[in-house]
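Shown next, in structure tokens, is the structure this report addresses.
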Amino acid sequence: MPALYLLSAILVTGLEQTVQWKYGVTGIIGLLMLTIGVRAKSPALSSIGAVVLALLVAGPAL
């Protein structure tokens, strides 16, 4: 079980670093809002985080 927690922590840290490298501070804020919204079971907060991330990803296409 500890190996699963370690693998999960490495994966989350890698994802956060990739988002920060590619999308900057706004990407980290969107990811943080999405994560907090899911953990707190707040649909409004998780939706705002998802929209921020979607706008960052789709920004060059718009």
Task: Principal semi-axes in Å for the chain [√(5λ), Cα gyration tensor, largest first] - done: 23, 16, 8
- [ ] May I ask for the angle, rounded to the nearest 10°, between helix 43-58 and the longest principal axis of the chain, with both axes built from Cα atoms and the value confined to 0 to 90°?
- [x] 70
TODO: On the protein heavy atoms, probe 1.4 angstrom, tell me the percent of accessible surface of the chain carried by carbon and sulfur.
DONE: 75
Open item on the list: For the chain, what does the helix formula give at 222 nm: sum of -39500 (n - 2.57) over DSSP H segments with n ≥ 4, over the residue count, nearest 500 deg cm²/dmol?
Closed with: -31000 deg cm²/dmol
Task: Rel. contact order, % - alpha carbon contacts under 8 angstrom, at least six apart, the chain - done: 25
Task: Acute angle (nearest 10 degrees) that the helix 2-39 long axis makes with the longest principal axis of the chain, alpha-carbon atoms - done: 20
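The values are calculated or read from the model by the stated rules, or taken from the named source; none is laboratory data. Predicted model, so just to flag it, every value in this text is computed and none were measured. Remember, those area values only see protein heavy atoms, side chains included, never the ligands or the DNA or RNA. Shrake-Rupley method; radii C 1.70, N 1.55, O 1.52, S 1.80 Å.
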